[in-house]
1. Quick one: residue 121 ticks every box in (1) touching an Asp or Glu at 6+ places or on another chain (Cβ under 7 Å); (2) of a type outside the set (Phe, Trp, Tyr); (3) within 30 Å of residue 40 (Cα to Cα) bar one, so which box is it?
2. Against the condition at pLDDT 90 or above and either under 32 Å from the mean Cα position of the chain (by Cα) or not in a helix (DSSP H, G or I) (or both), how does residue 61 come out, does it pass?
3. Quick one: in the range 55-77, which of the residues that are among the β-branched types (Val, Ile, Thr) and without any contact (Cβ under 8 Å) to a residue 60 or more places away in the chain is farthest from residue 151 (Cα to Cα)?
4. Being in the same structural domain as residue 38 (by TED's automatic domain parsing), under 24 Å from the mean Cα position of the chain (by Cα) and loosely packed, with under 14 Cβ neighbours inside 10 Å is true for just one of 171, 157, 162. Which residue is that?
5. Is one or more of the residues making up the range 41-52 at pLDDT 90 or above, small (Gly, Ala, Ser) and within 30 Å of residue 177 (Cβ to Cβ)?
Amino acid sequence: MTVRVVLGIRRWRHNPLCRPTDRHEAWLALAALLLMLVASPLLGRMCASLTDDTLQEMVRAQRAHRHLTEAVVVGASRDRTAPFVQDSDSTVTEATTRTSVTAVWRAPDGTERSGTVFTTADTTTPGTPVRIWTDDDGAPVMRPMDASAAHTHAVLAGVGAALLSAGSVEAARRLVLWRMVRLRYLRIDRAWAETGPDWGRTGKGS
């Protein structure tokens with residue numbers, strides 16, 4: 001497609017009916033096309049790579065400072081402001097049932113902790129063990145992000161950046177084209193204002 005556009009521009013250069021503005025518009029379209037085909041994908045790939053590096057570093061940090069431990073359910077809780085602690089093997093979906101319970105567990109330093117958490121475990125009767133994630137201080141936290149999930153987010157970020165870049169190029173092309181057409185009409189209006197009053201009159205050099 002790009003080669004066809006270039007060949008078309010070369011033919012227009014030798015066409016006596018081709019105005020300079022037509023050639024300018026063709027070069028503008030070619031430049032925009034090259035940017036969308038080359039620069040936008042490169043920008044998207046760079047954004048995806050940088051985002052993936054950042055997220056993978058976050059994954060490593062979370063896995064280094066989040067610890068899987070076993071808590072024991074003490075009883076049900078009505079505290080709806082408790083942190084949600086996803087069970088280590090569960091997957092959160094719209095249909096997942098989250099239960100608020102009071103539990104006790106041990107922090108990484110061995111001290112006993114207690115509090116109210118949300119869990120997705122099927123059984124939450126007192127004495128039931130549930131696995132939760134805690135930080136270095138023993139506070140309940142979400143499970144660490146998976147490396148595959150981080151990579152997926154990075155790919156989506158790259159695709160979004162590429163699409164946004166291509167859209168910006170097209171918007172800039174349309175803006176420049178609108179400006180070129182506007183200037184063309186202004187020149188036509190000025191030329192008509194200079195020759196229009198004498199149009200068709202005899203003896204006026206027309």
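1. That leaves (3) as the condition not met.
2. Criteria met by residue 61.
3. For the range 55-77, the residue satisfying everything is 74.
4. Values: 157 fails: loosely packed, with under 14 Cβ neighbours inside 10 Å; 162 fails: loosely packed, with under 14 Cβ neighbours inside 10 Å.
Among 171, 157, 162, only 171 is in the same structural domain as residue 38 (by TED's automatic domain parsing), under 24 Å from the mean Cα position of the chain (by Cα) and loosely packed, with under 14 Cβ neighbours inside 10 Å.
5. Within the range 41-52, one or more residues are at pLDDT 90 or above, small (Gly, Ala, Ser) and within 30 Å of residue 177 (Cβ to Cβ).
To keep it simple, each residue is scored yes or no on (1) farther than 13 Å from residue 70 by Cα; (2) free of Cβ contacts under 8 Å to residues at least 60 places away in the same chain; (3) surrounded by 12 or more Cβ atoms within 10 Å (Cβ to Cβ); (4) more than 30 Å from the chain's Cα centre (by Cα).
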| site | (1), (2), (3), (4) |
| --- | --- |
| 120 | yes, yes, yes, yes |
| 126 | yes, yes, yes, yes |
| 133 | no, no, yes, no |
| 137 | yes, yes, yes, yes |
| 147 | yes, no, yes, no |
| 151 | yes, no, yes, no |
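The values are calculated or read from the model by the stated rules, or taken from the named source; none is laboratory data. Computed from a prediction, not measured in an experiment: that's the story for all the values here. All Cβ positions, glycine included, derive from the backbone under ideal geometry; neighbour counts span all protein chains shown.
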